[in-house]
Amino acid sequence: MDEATPFNGSDTVELPPPPQPDLPPPPPQDPPRGTVVFLAIAGFFACFSFFVAATSLQLLNLPFGLLATSLVVFAAAGLVFSAALNQPPARFTGLARLRPGMTLLAVLVGVANLPLANFLMGAMREMLPQDWAEQSDATTRLLVAARPATRVVLVLAAGIAAPIGEELFFRGWLQTVLLRRVHAITGVLLTATLFSLTHLDPVGFVARVELGVVFGLARLWTGALWPAVAVHAVHNLASTALLYLSPEPLAELEEPFPWREAAVAGGASLACTLVLLAILRRGGRGKALQDTFVPLRIDSAAGARGLALAFAAASCAVALLAGFGSRLPGAELNSLARPESPGPAGAPSTP
């Protein structure tokens, strides 16, 4: 029979650890900043490639081609890329928020900012090489040559379709993705620069960067896309209206640029724009870009479905314009347009 082991006071008795309470899972997070920026830039180049391929639609019929590229390229890219990143497209891009009061205030921002954008574009036209200015002037002459029915379609395409389509992609998707991991000002400036580069217009580059910043701040500070669309649409509609309602729309192309008057108007425009943007920021303070956080992740199935629908829509647009483009308003411009004349998204001096 074994003898009992004597107890030593220095010995310790190991007790089992107490049961640990169930901890909640860690909150969902986006990928690292480098990955998010890469996804945003890759999405931009993919959309830009689609746009370059779709410029054939504008060669078939300029106004309806502009209408189609705004919707089947830029708008589709904003919605499809949102779904491909596991995001609800309407909420992620800001379409789901109407914000009517902020949208009306954004209309005033667009009106106030017009002289500043025109000054920047006119100044760049004077400072850049003459060949670049002549290319921009050729687009203006082309649009002035449009018949009344063609002008109506151009106003709808440049003043409504282009703002909706471009804002869906640039401020709705691209800027929103960037702001998930980069500073707000950096995201707004980068988006505005890429937005301007897409237009392939050196004369309007600085003006479109400035406009892109205004559009981006309207999106950032209100949490909705429609204020940005409103500023964009007001600028495009006003620029196109000034072109078509002027008794001598081509006269300013031959006259010296009025530096003093344009600078004064641009300075006053800048002051008014800043005041209105400050009011817009105060009214939209505390409005998040999304109601519910959904982490970014690749959803290849949703992306494939969206791309298939976008490809089908683009194919229908090509077929319709190839078959009926010569019978639609705008066909008269085909014989006047050079391959480089149609701007990528808007009338001259419009973003």
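Could you list, in sequence order, all residues of segment 119-134 that are more than 25 Å from PHE169 (Cβ to Cβ) and either open to solvent by less than 20 Å² (accessible area, probe 1.4 Å) or in a helix (DSSP H, G or I) (or both)?
Once the filter is applied, which keeps residues that are more than 25 Å from PHE169 (Cβ to Cβ) and either open to solvent by less than 20 Å² (accessible area, probe 1.4 Å) or in a helix (DSSP H, G or I) (or both), segment 119-134 yields PHE119, GLY122, ALA123, ARG125, GLU126, MET127, GLN130, ASP131, TRP132, ALA133, GLU134.
So, of the residues in segment 165-199 that are more than 22 Å from GLY65 (Cα to Cα) and free of Cβ contacts under 8 Å to residues at least 24 places away in the same chain, which turns out to be least open to solvent (accessible area, probe 1.4 Å)?
THR193
Let's see how each residue does on (1) over 30 Å from PRO26 (Cβ atoms); (2) in contact with a strand residue (DSSP E or B) (Cβ under 7 Å, 6 or more places away or on another chain); (3) open to solvent by 30 Å² or more (accessible area, probe 1.4 Å); (4) in a loop (DSSP other than H, G, I, E, B):
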| residue | (1), (2), (3), (4) |
| --- | --- |
| ASP201 | yes, no, yes, yes |
| VAL214 | yes, no, no, no |
| VAL231 | yes, no, no, no |
| LEU270 | yes, no, yes, no |
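Mind listing just one residue for me: the one in segment 84-101 that is more than 16 Å from ARG171 (Cα to Cα) and in a helix (DSSP H, G or I) and, of those, least open to solvent (accessible area, probe 1.4 Å)?
If we take residues in segment 84-101 being more than 16 Å from ARG171 (Cα to Cα) and in a helix (DSSP H, G or I), then ALA84 is least open to solvent (accessible area, probe 1.4 Å).
Here are some residues: LEU60, LEU95. Which one is at pLDDT 90 or above and of a type in the set (A, V, I, L, M, F, W, C)?
Going through LEU60, LEU95 in turn, just one is at pLDDT 90 or above and of a type in the set (A, V, I, L, M, F, W, C): LEU95.
Listed here are the residues, each with its yes/no results for (1) open to solvent by less than 80 Å² (accessible area, probe 1.4 Å); (2) modelled with pLDDT of 90 or more; (3) in contact with a helix residue (DSSP H, G or I) (Cβ under 6 Å, 6 or more places away or on another chain).
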| residue | (1), (2), (3) |
| --- | --- |
| VAL294 | yes, no, no |
| ARG297 | no, yes, no |
| ALA302 | yes, yes, yes |
| ARG305 | no, yes, no |
| LEU309 | no, yes, no |
| ALA312 | yes, yes, no |
| GLY325 | yes, no, yes |
| GLU332 | yes, no, no |
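Could you grab the pairs with beta carbons closer than 6 Å, sequence gap of 6+ or different chains, first residue in segment 131-152 and among the β-branched types (Val, Ile, Thr), second one modelled with pLDDT of 90 or more and open to solvent by less than 50 Å² (accessible area, probe 1.4 Å)?
Within 6 Å, the pairs are THR150/PRO63; THR150/PRO329.
Given the options GLY43, GLY65, name the one that is in a helix (DSSP H, G or I) and more than 26 Å from ARG181 (Cβ to Cβ).
Exactly one residue qualifies, and that residue is GLY65.
Go through the residues of segment 254-267 one by one and say whether even a single one is touching a residue at least 24 places away in the same chain (Cβ under 8 Å), surrounded by 17 or more Cβ atoms within 10 Å (Cβ to Cβ) and not in a loop (DSSP other than H, G, I, E, B).
The answer is yes; a qualifying residue exists.
When you check THR140 against the structure, is it buried (at least 24 other Cβ atoms within 10 Å of the Cβ) and hydroxyl-bearing (Ser, Thr, Tyr), yes or no?
Against the criterion (buried (at least 24 other Cβ atoms within 10 Å of the Cβ) and hydroxyl-bearing (Ser, Thr, Tyr)), THR140 does not qualify.
Name every residue in segment 150-160 that is closer than 29 Å to ALA184 by Cβ and open to solvent by 10 Å² or more (accessible area, probe 1.4 Å), in order of residue number.
Correct list: ILE160 only.
So ARG181 clears everything in (1) assigned to a loop (DSSP other than H, G, I, E, B); (2) closer than 17 Å to ASP137 by Cα except one condition, right? Which one?
(2)
The values are calculated or read from the model by the stated rules, or taken from the named source; none is laboratory data. Keep in mind that what you see is a predicted model, and the values were worked out from it rather than measured. Neighbour counts run over all protein chains shown; Cβ positions are idealised from the backbone, glycine included. Side chains are part of the model used for accessible areas, which takes the heavy atoms of the whole protein and leaves out ligands, DNA and RNA. Shrake-Rupley method; radii C 1.70, N 1.55, O 1.52, S 1.80 Å.
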